[in-house]
1. From the set of residues in the stretch 443-459 that are part of a helix (DSSP H, G or I) and free of Cβ contacts under 8 Å to residues at least 60 places away in the same chain, which is most open to solvent (accessible area, probe 1.4 Å)?
2. Only one residue in GLY370, GLY391 is part of a loop (DSSP other than H, G, I, E, B) and not aliphatic (A, V, I, L, M). Which one?
3. Is the stretch 127-144 home to any residue that is touching an Asp or Glu at 6+ places or on another chain (Cβ under 9 Å), charged (D, E, K, R) and open to solvent by 70 Å² or more (accessible area, probe 1.4 Å)?
4. Go through LYS96, LYS131 for me and flag whichever is touching a residue at least 40 places away in the same chain (Cβ under 8 Å) and in contact with a Leu (Cβ under 7 Å, 6 or more places away or on another chain).
5. Working carefully through the options ARG416, ARG455, ARG447, find the one that is more than 30 Å from ALA382 (Cβ to Cβ), basic (Lys, Arg) and at pLDDT 85 or above.
6. Go through the stretch 20-35 and give me each residue that's within 21 Å of LYS75 (Cβ to Cβ) and of a type outside the set (Lys, Arg).
7. Check the stretch 356-378 and report whether any residue there is free of Cβ contacts under 8 Å to residues at least 12 places away in the same chain, among the hydroxyl-bearing types (Ser, Thr, Tyr) and open to solvent by 10 Å² or more (accessible area, probe 1.4 Å).
8. Can you name the residue in the stretch 41-78 that is without any contact (Cβ under 8 Å) to a residue 12 or more places away in the chain and open to solvent by less than 60 Å² (accessible area, probe 1.4 Å) and, of all such residues, is nearest to the chain's Cα centre (by Cα)?
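The values are calculated or read from the model by the stated rules, or taken from the named source; none is laboratory data. Please read these numbers as outputs of a predicted model, since none were measured by experiment. Backbone-built Cβ (ideal geometry, glycine too); neighbour counts: all protein chains shown. Only protein heavy atoms, including side chains, enter the accessible area calculation; ligands, DNA and RNA are left aside. Shrake-Rupley method; radii C 1.70, N 1.55, O 1.52, S 1.80 Å.
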Amino acid sequence: METTLQHEDLLIKLRGKLNDGKIKLWEPPFSNSSDVLSESLQELAKKYAVDLSLDQEMVLNALRELQLHSMERVKANDEFKETGLATFRIKVTAPKEKPGMLKIQKMLTSPGSDLISAVATEVGIEESRLKIICNGKIIKPNLSLMEQNLKNGTLLMALVLDTTPEEVRKEEDMYNQMKTTRDDATLLSEYVNKVADGDEYIKLEDQSGKTVELPKAERKSLLVGLALHERGRAAIKQKDYSLALILLLEADRQFSECRSSLLQTVDNWGILQLDIAWCYAGLRSVGGAADAARRLEAAERALSNSYGRDQQRLLQVKGTAANERVLLMRLYLLQGIVAFHQNRRAEARSLLEKAESELNTLRVDEEAVGRLMELGWSRTQARLGLRGAAGDPDRAHLQLAALAEQRAQARERHRRERQLRLLGECADGTPVDPSGVRSLVEMGFPRGRAVRALRLANNSVADAVTTLQQRVELLEDALGSGSSTGSSEEAPPAQIDQKLVAELESMGYNIEEVKAVLKMCNYHVETAVEMLMAKEDPFSDDDAAKPSTSSGGAARSKLKQEREIKRKERDLALQRLSKAIRTDEDDYLDTSLLEEEQYLAEYKSLL
């Protein structure tokens with residue numbers, strides 16, 4: 001790595017001198033028709049060697065490399081004008097190998113599959129083991145190169161994994177992992193912030209543990225994007241940057257489909273851009289990826305919008321910005337690396353110094369980390385706690401415990417609020433008391449009837465028992481009247497899926513009962529169907545939701561089986577996602593600082 005980086009450093013310096021002197025190596029007197037090096041080129045190498053205090057032969061070879069590249073570019077431009085054939089330079093990145101450059105020519109009207117096939121043939125691998133990236137987007141095989149904004153001379157990046165059997169299997173699993181993560185998140189996103197069969201599968205929380213309500217139209221894109229981002233972070237932790245980059249670029253595509261103002265106020269978007277740039281660094285492609293600079297600018301804007309100027313908004317919410325400074329440290333570090341490769345050396349030096357300053361404030365004592373781990377905290381929690389407590393382990397323990405309690409209380413509040421929302425309101429407008437429901441169920445009354453009885457009795461358990469034992473007809477009236485569930489916003493009946501209503505009626509459900517349940521659910525069709533099919537439901541009797549015909553009973557039995565299959569699918573999806581993503585809420589803020597220190601040492605040595 002060091003030799004490659006030193007050579008890149010030499011090329012950067014020479015490009016800067018050539019630009020300053022407005023020297024064109026592809027034109028006379030520096031170039032000639034023969035392969036013999038011109039006298040002018042040799043004199044130029046001698047001059048630059050003195051200026052840079054470097055070996056003349058090394059400088060001459062580097063100038064020749066730049067000259068050949070310039071001449072090839074001129075030739076490619078002429079050929080493109082004459083024939084329409086575009087030339088692409090492709091940096092091939094594979095583990096355990098030095099990056100290599102390919103030159104591939106294709107018509108811009110050709111499909112992406114042609115380019116993928118040509119690169120795979122040139123490298124000698126199967127197409128399934130290759131991903132080509134252009135400006136932060138994966139080349140799609142079914143679209144033309146022009147439709148994907150490829151132009152003559154575009155620099156591309158090709159990701160390839162090693163050819164050992166283990167690595168081949170891993171690469172073959174790459175797309176499946178991405179697709180599985182995306183599909184699992186898509187499935188669970190349909191149940192975000194709502195209950196299916198009594199279970200809450202997925203929800204979005206802010207840093208305090210408070211639930212964030214998502215716009216329905218953007219729910220799927222947001223949740224799928226977040227899940228892919230989390231899976232990508234897990235791959236970064238394992239230093240599997242190829243898989244991570246594929247997952248993160250797909251997450252970015254999902255977020256790009258979301259226009260929610262939510263993305264302007266949380267840090268997820270900015271952190272995603274930072275993580276993508278970090279993958280470029282892990283793949284040693286930051287200097288060659290123009291996409292990195294654009295994403296770092298986006299990350300800086302997003303983090304500033306989210307945290308406020310000088311992290312003031314963050315300080316108001318969390319009381320400290322110590323751990324979020326990890327993001328700023330990485331931002332400065334990556335910006336410094338990009339500036340270095342763009343020959344903005346003074347700016348690079350300044351940014352790397354800022355990164356080093358931030359890094360020094362983030363160091364923690366490993367003995368203190370061990371002490372906190374003995375108290376039951378994870379390594380991630382211990383490091384974050386120490387950084388937030390200025391290295392004091394006792395204070396860190398207290399702060400970690402307080403934060404855990406705060407989040408637990410927020411989740412418990414959310415659970416209670418959700419339960420109250422499901423139970424609805426009494427006749428006097430007060431929420432149905434869950435403890436009253438439990439008492440009646442323990443007495444042997446069906447849950448659905450118990451809820452309706454408490455509504456009528458305004459939470460009086462004694463009056464509810466009387467109603468359940470002596471005035472059952474009132475419960476039927478309550479079902480027919482469609483008691484309020486606590487929401488005043490109802491969709492117009494015209495928006496109800498009449499086809500679905502007719503289908504439920506054909507299964508034996510009473511049409512009035514269907515309409516009543518729809519009204520209870522504020523015309524939320526999915527919830528109404530679940531309520532009608534549920535074995536035990538907050539709003540129905542034991543027999544109230546059962547179809548009245550034998551054919552309807554068979555249909556209902558089939559629907560129950562399908563519903564159980566879907567529940568198992570959700571459970572499996574949740575298990576897969578839980579294994580793939582982080583368990584600590586603030587895991588994204590943790591780092592051992594080892595990689596950052598390595599990058600700093602490498603690039604500072606060249607400045």
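1. Going through the stretch 443-459, the residues part of a helix (DSSP H, G or I) turn out to be 447-456.
The next check asks that each one be free of Cβ contacts under 8 Å to residues at least 60 places away in the same chain; those that pass are 450, 453-456.
Values: ALA450: 0, ALA453: 0, LEU454: 0, ARG455: 10, LEU456: 79 Å².
The qualifying residue most open to solvent (accessible area, probe 1.4 Å) is LEU456.
2. Details: GLY370 fails: part of a loop (DSSP other than H, G, I, E, B).
Selected residue: GLY391, the only one of GLY370, GLY391 that is part of a loop (DSSP other than H, G, I, E, B) and not aliphatic (A, V, I, L, M).
3. Checked the stretch 127-144: at least one residue is touching an Asp or Glu at 6+ places or on another chain (Cβ under 9 Å), charged (D, E, K, R) and open to solvent by 70 Å² or more (accessible area, probe 1.4 Å).
4. Details: LYS96 fails: in contact with a Leu (Cβ under 7 Å, 6 or more places away or on another chain).
Within the list LYS96, LYS131, the selection yields LYS131.
5. On the way: ARG416 fails: at pLDDT 85 or above; ARG447 fails: at pLDDT 85 or above.
Answer to the selection: ARG455.
6. Taking the stretch 20-35 as the starting set, the residues that turn out to be within 21 Å of LYS75 (Cβ to Cβ) are 23-35.
The answer is ILE23, LEU25, TRP26, GLU27, PRO28, PRO29, PHE30, SER31, ASN32, SER33, SER34, ASP35.
7. Yes, the stretch 356-378 contains a residue that is free of Cβ contacts under 8 Å to residues at least 12 places away in the same chain, among the hydroxyl-bearing types (Ser, Thr, Tyr) and open to solvent by 10 Å² or more (accessible area, probe 1.4 Å).
8. Filtering the stretch 41-78 for residues that are without any contact (Cβ under 8 Å) to a residue 12 or more places away in the chain and open to solvent by less than 60 Å² (accessible area, probe 1.4 Å), the one nearest to the chain's Cα centre (by Cα) comes out as HIS69.
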